[in-house]
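Report on the structure given below.
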Amino acid sequence: MNMVGFRHLFRMQKRLQNLEVQRVAALGRNDWKEFESSAAGLEELIRDPGFKAMPVRQLIGGLNVIAESRRILFVVHGRADDLDKAITLWREALDISMKMRRTDYQANFHNNLGLALDTLFGVTGERRFFEESVRHAERAVEITSPGSPDMPRHASTLALRYQTRYRLTGDLADIEESVKLLESALRQERKREGSAKIRHNLSMCLMDRFRHSEDPLDLERSYDLIEQALRDTERNDPEYVDTLNVFAGRLETLASVTGDRALLERALAHYREVIEWFAGNPGKRLGVERNLATCLMATYHLTGDAGQLQDALSLMKEVVAGTGEEHPKYSGRCADLGRIHYERHLVTADEGDWLEAVRAFGNSCRTGLIADPAMALQAGRGWGDAALAKERWAEADVAYDYAVKAVDALWRAQISPSYRESWLARAVGLHARSAYAAARAGDLRKAAARLEHGRAFALSEKMALVDVELDRLETLGHGELRHRFLIARNRLFGAADSDAGHLRELRDELMDVAAQIADVDGFQDFLQPPTFEGTIAPIARADPGRVLVYLGATHVGGLAVIIAADGEPFVIWLDSLTEEQVEGVYRDFSRANGRRLVDRAGWDDTLETVASRLGAMVMGPVVKALTTMAGHWERAPEVMLVPQGLLSSLPLHAALVEDREGPAQGVGGGHTGHVLDHVSGFSYAPNARSLRRAEWSEPPSATALAAYNTCDGLTFSLAEAHHVAQRLPEHCTVAADPGRTEVLTRLRSDRVVHLAVHGRSDPYRPVDSHLLLATGPLSLKEILEADGSTRCELAVLSACETGVPGERLPDEAVSLAVGLLHIGVSGVVSSQWAVSDSAALLLMAKLYELFTVAELPMAQALRRAQIWLRDASCDDLATLLDEIGARLPTAEAAAFREAAREVRWNWSDNRPYNGLRHWAAFTFTGIHGTREHACE
């Protein structure tokens, strides 16, 4: 380079320095005209042909400064051209740094480009810009040294990308990773300005987590962080107004929790200040006006001032009108508008407000399914509940459809079972409400499918993944699809400890193959929402003597959808079966059960009351309907119940019903006061899909296990095991104090497994429910994680509380009994509460007599055994005890006779086991329990 060239280069460097000083000074004064002028001067400078001869550091540094200036101008004025220029310049700077192999510069430009592309996504709604922004942010963190001062900033940028993805998909792994990244960044950041920005971002992520978890600690910390960030941010910093806006939001949320009107007044003042600051930036202003509208609504709820309601409505109309459908926040803003219109409709009864609310909710749900499924769930459920209360059945049906689809999307997006469960907790009761609306609208098939869909998400998915169903693909000529699916499934199962990104890739690969399998004839419901034609009707038609009965309760009433062998459903309306009533019955039942050891009389009284209320609310009308359908059957039908929600935790089979004349009366002979007296058999199912497992099971073995514990409290367990072994036609092993490994092994290999042991349920952590064995507890978690398929046809858990499901997610039916269905057992006998050792022995002895000698299916055998125990006289019971004792080995017979003598001594009336607590605890879940009776 000659002297002239050096002089020109020196002048450019000097001009660059002067323009940068001018730019920084203008930024400090918020002089945007001067700031834009200096930015334009810098752009003119870089177009000089000699600029590229400058040292690389100054060259790419200049590009970065100009790009950042354009980004700031976009924040201030909202001009799309400024953002486009910033992205173009950062791409150029990144390209130069990559050619020069300068990874230190590359990381910064990846980071900045990620920020700008995410902003562009917010403007255009085009998902490709967001996906590219994530890739750049991840690359920035990947190539930044862990100890680099740039790491906190880059980690913060990546955290915000994950936060956005959480809002788009509802994947809770993303919000957790965001919080984790920001916590780490805050610990590393040393500069006050940088710490303020990280606190700002962390506050937003914690707030998102609070909205889902409702953990007050998240809210408290979110407020503390944003308050500190506001103190540490200079008023002339462009980030200040954004921080003030977020701070106002925390004040508003705290006010909604505490009812403190002063906090709302402060929030309103801050929102108005920010709106004034953003007067020249329509995009930013609309977002803050939305916040102001929701704050006005919160104030209206406290004061009842109709003026605030009207002001909120006017603002929200303007916000929605100014927001394009492609905007990521369009769904949420439409939902806000719908809620405000509905609030005014409640005040004025104006039909126009209702129609506007419906339109807004519809727009929110339609766009939310694509851009914000969590919002679609919230809006759809709120809209559906409002329509249901107004008896707008068709509108409620449409609204709940959106909400159900949103739940499906949120379920599929999760990579962790706990995250899936947390979204299901948000959907408790949704499918029953959807079914109620569909039935009222006249679509009974859809109603049945909705009730089916709402039960046992995890069980249905688990059973769809077992090899035995997939084997059918081979016979249909789709072996290659089966092979690809098994490879994808095994890769996903084998990568449980991988990072979230890798797990998502494997999950998406699996679901792509599953979608292809769903195109195969006969597999239409494979890993898809169930349909009436593909799932329910085949099960109903499989047994002409059985009816499927789905039960659901809503806030406005309940329904029973009954499907007989002809496959056509009909509905029974249960007006008194409300969620409130069911919760009340369950609360009384659960409380008395917890006190049964100290208040046995209270427990007996409560069981009778519960049985009476269940009969009046639900089972009485169902039995009446079945009685009127007598022409469908030669004898009383066998009933299989699929109850929703907390109904699945209650003894519906023992409900007291009014005595009636008809063909179903007296099936058990004598007493006709309970449901069991009006049916030929009674069973429960988590859903119809679980019953299909029996169709595909391997042929049963000819072996069985009868195991018992020798610990205190199980006086008759040995006698029970020996009696069971003698009744079973298979080669049956009697095992004392079996271990966990032995039980799991025999569950995979034997036709029948009978366990006379102790059991414990944990309704709050149902996976910790367990059987107490010699080598320690065998938990539900361990059962679910067991490898291999099972050939077990029947498992009898003669233990306490083995059929009690979890309380938090009752529709998931998480219990020891259903856990055995998970691993492929066809049918399970289990208990809903603790029973005496003698009652269990007598019931099981009669059960196996009916099951093996009379060759009744298990649902019918259990029903007959329970009626027998309820009605048996002392002489009947003594005869059975003598028979059991006579079958025992000589060494054990004497001890048994002594124990039996003590039991007889305590019988105080002629029907000592007539009380519900003795005979009604046990239930049968699943298919009949004998292969010849299984579905074909």
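Just flag the GluC sites (Glu not before Pro) in the stretch 201-295 sitting in loop per DSSP whose Cβ has no more than 12 other Cβ atoms within 10 Å. Write down the numbers at each step before the final one.
Values: sites: E214, E220, E227, E234, E239, E252, E265, E273, E276, E289; in loops: E214, E234.
Those that pass, being in a loop and sparsely packed, are E214, E234.
Tell me which trypsin sites (Lys or Arg not before Pro) from the stretch 258-339 have a DSSP coil assignment and no more than 12 other beta carbons within 10 Å of their own.
Answer by residue number: there is no such site.
Only one of the listed values, (1) 1.14; (2) 1.00; (3) 1.05, was derived from the coordinates as Cα Rg over 2.2 N^0.38 Å; which label is it?
After the calculation, the listed value that fits is (1).
Once each part is reduced to its C-alpha centroid, what is the distance from the stretch 324-359 to the stretch 392-441 in angstrom?
21 Å
In nm, give the distance between the simple-model label positions of N906 and Q524, each being 7 Å from the Cα along the Cα-to-Cβ direction.
Spacing of the two 7 Å Cα→Cβ label points: 5.7 nm.
Work out, step by step, the length gained on full extension between T710 and D882: first 0.36 nm times the residue separation, then minus their alpha carbon distance; give nm to one decimal.
Working: separation 172, 0.36 × 172 = 61.92 nm, distance 2.15 nm.
Taking 0.36 nm per residue and subtracting the Cα distance, the gain is 59.8 nm.
What FRET efficiency comes out for E533 versus D497 if R0 is 51 angstrom and r is the Cβ-Cβ distance? Round to the nearest 0.05.
0.80
What value, in deg cm²/dmol to 500, does the helix sum -39500 (n - 2.57) over DSSP H runs of n ≥ 4 give at 222 nm once divided by the residues of the chain?
Result for the chain, helices only: -20000 deg cm²/dmol.
Can you tell me the dipole magnitude for the chain around its Cα centre, using point charges on the Cβ only (Lys, Arg +1; Asp, Glu -1), in Debye to the nearest 20?
2560 debye
Semi-axes of the stretch 218-278's equivalent ellipsoid from the Cα gyration tensor, sqrt of 5 times each eigenvalue, largest first, rounded to whole Å?
Values: eigenvalues 78, 43, 10 Å².
Output for the stretch 218-278: semi-axes of 20, 15, 7 Å.
Give the shape of the stretch 336-426 as rounded, prolate or oblate, defined through the alpha-carbon gyration tensor: a ≥ b ≥ c are the square roots of its eigenvalues, a/c under 1.5 means rounded, and otherwise the shape is prolate if a/b is larger than b/c and oblate if not. Don't skip to the end; give the middle numbers.
Details: a/c = 2.56, a/b = 2.25, b/c = 1.13.
It comes out prolate by the Cα gyration axes.
Can you tell me the 0 to 90 degree angle between the C-alpha axis of helix 32-46 and the longest principal axis of the chain, rounded to 10?
80 degrees
Taking 0.36 nm per residue of separation and subtracting the Cα-Cα distance, what length does fully extending V21 through R101 add? All intermediate terms of the calculation are to be shown ahead of the outcome.
Values: separation 80, 0.36 × 80 = 28.80 nm, distance 2.94 nm.
Residue separation times 0.36 nm, minus the Cα-Cα distance, leaves 25.9 nm.
Applying 1/(1 + (r/R0)^6) with R0 = 60 Å to the Cβ-Cβ distance of T745 and N914, what FRET efficiency is obtained, to the nearest 0.05?
About 0.90, to the nearest 0.05.
Please return the longest stretch of the chain lacking exposed loop sites, where chymotrypsin sites (Phe, Trp or Tyr not before Pro) count only if DSSP places them in a loop and at most 16 other Cβ atoms lie within 10 Å.
Working: sites that count: Y764, W907.
That gives 1-763 as the longest site-free run.
Averaged per residue, what accessible surface does the chain expose to a 1.4 Å probe, in Å²? The partial results should precede the final answer.
Working: 37740 Å² over 936 residues.
Accessible area per residue, the chain: 40 Å².
Compute the acute angle (0 to 90°) between the alpha-carbon long axis of helix 192-213 and the principal axis of greatest extent of the alpha-carbon atoms of the chain; round to the nearest 10°.
That works out to roughly 30 degrees.
Probe radius 1.4 Å, ligands and nucleic acids ignored: give me the carbon and sulfur share of the accessible area of the chain as a rounded percent.
51 percent
To the nearest Å, what is the center-to-center distance of the stretch 696-764 and the stretch 490-563, using C-alpha atoms only?
The distance from the Cα centre of the stretch 696-764 to that of the stretch 490-563 comes to 31 Å.
Dividing the convex hull volume of the Cα atoms of the stretch 700-926 by its residue count, what figure in Å³ per residue is obtained?
Spelled out: Cα convex hull of the stretch 700-926, divided by residues, is 113 Å³.
Among A861, P729, V571, whose Cα sits farthest toward the positive end of the charge dipole of the chain (+1 at Cβ of Lys/Arg, -1 at Cβ of Asp/Glu, about the Cα centre)?
V571
For the stretch 353-417, what relative contact order do you get, as a whole percent, if you take Cα pairs closer than 8 Å and at least 6 residues apart?
Rounded, it is 32 percent for the stretch 353-417.
Take the eigenvalues of the Cα gyration tensor for the stretch 142-216, scale each by 5, and report the square roots as semi-axes in whole Å, largest first.
22, 14, 9
Express the Stokes-Einstein translational diffusion coefficient of the stretch 274-389 in µm² s⁻¹, to the nearest whole number, given a Kirkwood radius over alpha-carbon pairs, 25 °C and a viscosity of 0.890 mPa s.
The estimated diffusion coefficient comes to 172 µm²/s.
Report, in degrees rounded to the nearest 10, the 0 to 90 angle that the Cα long axis of helix 417-426 makes with the longest principal axis of the chain.
90 degrees
So what's the gap between the Cα centers of the stretch 148-200 and the stretch 592-619, to the nearest angstrom?
Using only Cα atoms to place each centre, the spacing works out to 53 Å.
Once you have a ≥ b ≥ c as the square roots of the Cα gyration tensor eigenvalues for the stretch 209-314, tell me rounded if a/c is under 1.5, and otherwise prolate or oblate according to whether a/b is larger than b/c.
Taking the square roots of the gyration eigenvalues as a ≥ b ≥ c, the stretch 209-314 is oblate.
Once you put a point 7 Å from the Cα of Q310 and another 7 Å from the Cα of E658, both along the Cβ direction, what distance in nm separates them?
So the label points at Q310 and E658 sit 5.4 nm apart.
Across every pair of different alpha-carbon atoms, what Kirkwood hydrodynamic radius in Å does the stretch 503-644 reach?
Kirkwood hydrodynamic radius for the stretch 503-644: 18.1 Å.
When the chain is fully extended, how far beyond the present Cα-Cα distance does E568 get from T303, taking 0.36 nm per residue of separation?
So the chain would gain 90.1 nm between E568 and T303.
Would you mind computing, in nm to one decimal, how far apart the modelled labels at E351 and T88 are, each placed 7 Å from Cα along Cα→Cβ?
My value for the distance between the label points is 5.5 nm.
Filter the GluC sites (Glu not before Pro) in the stretch 77-157 to those in DSSP coil with at most 13 other Cβ atoms within 10 Å of their Cβ, and list the result.
For GluC sites (Glu not before Pro) across the stretch 77-157 that sit outside H, G, I, E and B with at most 13 neighbouring Cβ atoms in 10 Å, the list reads E126.
Let a ≥ b ≥ c be the square roots of the eigenvalues of the Cα gyration tensor of the stretch 68-184; is it rounded (a/c under 1.5), or, if not, prolate (a/b larger than b/c) or oblate? Before the final figure, lay out the partial values.
Working: a/c = 1.82, a/b = 1.06, b/c = 1.72.
Verdict is oblate for the stretch 68-184.
The values are calculated or read from the model by the stated rules, or taken from the named source; none is laboratory data. Predicted, not measured: the structure shown is a model, and the values here were computed from it. Every residue, glycine among them, receives a Cβ derived from its backbone with ideal geometry; neighbour counts consider all protein chains shown. Remember, those area values only see protein heavy atoms, side chains included, never the ligands or the DNA or RNA. Shrake-Rupley method; radii C 1.70, N 1.55, O 1.52, S 1.80 Å.
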